[in-house]
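Just so you know, all these numbers are worked out from the coordinates, no wet-lab data involved. Since the structure is predicted, the reported quantities are computational estimates derived from the model, not experimental observations. Cβ coordinates were reconstructed from backbone atoms using ideal geometry, including for glycine residues, and neighbour counts include every protein chain displayed.
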Amino acid sequence: MLGVRISSMTKKAHSYRDLVAWKKAVELVTEIYYLTKNFPKEEMFGLVSQIRRAAGSIPSNIAEGHARASRKEFQYFLSNSRGSVAELETHLIISHNLGFIIAPDLNRLLVQVAEVGRIINGLLTALKNKAAEP
């Protein structure tokens, strides 16, 4: 299934909204917004802003990369998205260490973050393999 989706996607037959990576990333952003509205008000322009920006960057980069003209550009934006995954994970751990996120919420979010990261990595691998085809 993944091979078919990648093949079709690289020919621009589908919208970025059809990508599992984008859908899962949007779900993650939604969860992040719900969670961070309970953070202390003094963190609204600090940690909350950083967390929301990193989370929002994940699906945004997937969408922007998909809309670009070449596979290489898509790979570049997916790499940026993967960087935002690591940034988000870091901010969530810091938030937990500061007592803003309880352990069950952190664990649930880290599972979601890891899943999005794996999907992005799979998409990158598939695009690289497709580029290597004769």
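Overview of values
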| item | result |
| --- | --- |
| Degrees separating the helix 20-36 axis from the principal Cα axis of the chain, which is the longest one | 10 degrees |
| Neighbourhood charge, 15 Å Cβ-Cβ cut-off, centred on I58 and excluding it, Lys, Arg +1 and Asp, Glu -1 | +1 |
| The chain: relative contact order in percent, alpha carbon pairs under 8 Å with at least 6 residues between | 27 percent |
| Lys pairs under 15 Å by Cα in the chain, provided they are eight or more residues apart or on distinct chains | 7 |
| Long-range HN-HN contacts of F39 with modeled amide H, under 5 Å | none |
| Backbone N under 13 Å from the I94 label point (7 Å along Cα→Cβ), restricted to the stretch 41-74 | 43-55 |
